[in-house]
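J.: Right, I'll just put the structure down here and ask away after.
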């Protein structure tokens, strides 16, 4: 009964380096959300993807951030040239479908804690 | 648009009740409720879709008003395990979470 998997759980990067965060959705789920959470704050939506397609990226910063969900393999959130302000917990969540007339629960992974030094 | 939650924080004794509110200036398509314990991932509690809907069981339940602009989460006879931060959220492809309500249940 594999849930949503994220790796790494903790990632330390120096300013200017690249960070790659991976998310494998629950079995049978084809949609992935990425969120960022700063300490003691709420979850901020970043991007919503299905396999090979970005459905909504309105919450993603225009520069340095990108996300993909290939046909095979996990979804990847990529942060280029990281800065201290990127330090946060990054959660992904998966849901089974996308249906504009309905709303589905999301199952969250354990998160990746990114620290930029 | 991000829904607004109130109160920001609640301290309860075991066995006491609590109500957490989530409101929006515009009708929400749906409302989701999640609980997050410190250092852990959020966990799904329930979704409400229809105006006037009520859902849940006797200990944790939620309602969605007729205009779909307010939802309330009811925690009855709270237990220590209820402690955590409760988020409401709503979606229209992108997903917006409220700022959260921190609940602390003490023995």
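J.: Considering segment A:38-84 alone, what residues qualify as being surrounded by 15 or more Cβ atoms within 10 Å (Cβ to Cβ), touching a residue at least 60 places away in the same chain (Cβ under 8 Å) and part of a strand (DSSP E or B)?
T.: A:79
J.: If you check A:104, A:35, A:97, which single one turns out to be in a loop (DSSP other than H, G, I, E, B) and facing chain B (nearest Cβ under 9 Å)? Before you say what the answer is, go through the steps one by one.
T.: Details: A:35 fails: in a loop (DSSP other than H, G, I, E, B); A:97 fails: facing chain B (nearest Cβ under 9 Å).
The match here is A:104.
J.: Follow-up question, since we're still on this one. Name the residues in segment B:3-14 that are touching a strand residue (DSSP E or B) at 6+ places or on another chain (Cβ under 6 Å) and within 14 Å of another protein chain (Cβ to nearest Cβ), would you?
T.: Correct list: B:3, B:4, B:5, B:6, B:9.
Okay, residues lined up against (1) modelled with pLDDT of 95 or more; (2) within 14 Å of the chain's Cα centre (by Cα):
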{"position": "B:18", "(1), (2)": "yes, yes"}
{"position": "B:23", "(1), (2)": "no, yes"}
{"position": "B:56", "(1), (2)": "no, yes"}
{"position": "B:67", "(1), (2)": "no, no"}
{"position": "B:83", "(1), (2)": "yes, yes"}
{"position": "B:93", "(1), (2)": "no, no"}
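J.: For residue B:58, indicate whether it is without any contact (Cβ under 8 Å) to a residue 12 or more places away in the chain and either over 23 Å from residue A:94 (Cβ atoms) or surrounded by fewer than 17 Cβ atoms within 10 Å (Cβ to Cβ) (or both). Full working, then the answer.
T.: On the way: without any contact (Cβ under 8 Å) to a residue 12 or more places away in the chain: no; either over 23 Å from residue A:94 (Cβ atoms) or surrounded by fewer than 17 Cβ atoms within 10 Å (Cβ to Cβ) (or both): yes.
Spelling it out, it is not the case that residue B:58 is without any contact (Cβ under 8 Å) to a residue 12 or more places away in the chain and either over 23 Å from residue A:94 (Cβ atoms) or surrounded by fewer than 17 Cβ atoms within 10 Å (Cβ to Cβ) (or both).
J.: Now, a different point. Kindly provide the set of residues from segment B:15-49 that are farther than 23 Å from residue A:37 by Cβ, part of a loop (DSSP other than H, G, I, E, B) and away from chain A (no Cβ under 11 Å), ordered by number.
T.: B:15, B:16, B:17, B:25, B:26, B:27
J.: Determine whether residue A:57 is in contact with a strand residue (DSSP E or B) (Cβ under 7 Å, 6 or more places away or on another chain) and more than 17 Å from residue A:109 (Cβ to Cβ). Please lay out each step first, then the result.
T.: Values: in contact with a strand residue (DSSP E or B) (Cβ under 7 Å, 6 or more places away or on another chain): yes; more than 17 Å from residue A:109 (Cβ to Cβ): yes.
Yes: the conditions hold for residue A:57.
J.: Another question, if that's okay. I'm trying to understand the selection: among the residues of segment B:73-84, which are crowded, with 19+ Cβ neighbours inside 10 Å and either within 12 Å of chain A (Cβ to nearest Cβ) or part of a strand (DSSP E or B) (or both)?
T.: So the first thing to find is which residues in segment B:73-84 are crowded, with 19+ Cβ neighbours inside 10 Å, and the list is B:73, B:75, B:78, B:82, B:84.
Within segment B:73-84, B:73, B:75, B:84 qualify.
J.: Sticking with this structure for a sec: When the residues of segment A:48-77 are filtered to those that are modelled with pLDDT of 95 or more and within 9 Å of the chain's Cα centre (by Cα), which remaining residue is nearest to the other protein chains (Cβ to nearest Cβ)?
T.: Once the filter is applied, the top-ranked residue is A:67.
The values are calculated or read from the model by the stated rules, or taken from the named source; none is laboratory data. Since the model is a prediction, treat every value here as computed from it, not as a measurement. Neighbour counts are summed over all protein chains in view; Cβ atoms, including those assigned to glycine, are modelled from backbone coordinates with ideal geometry.
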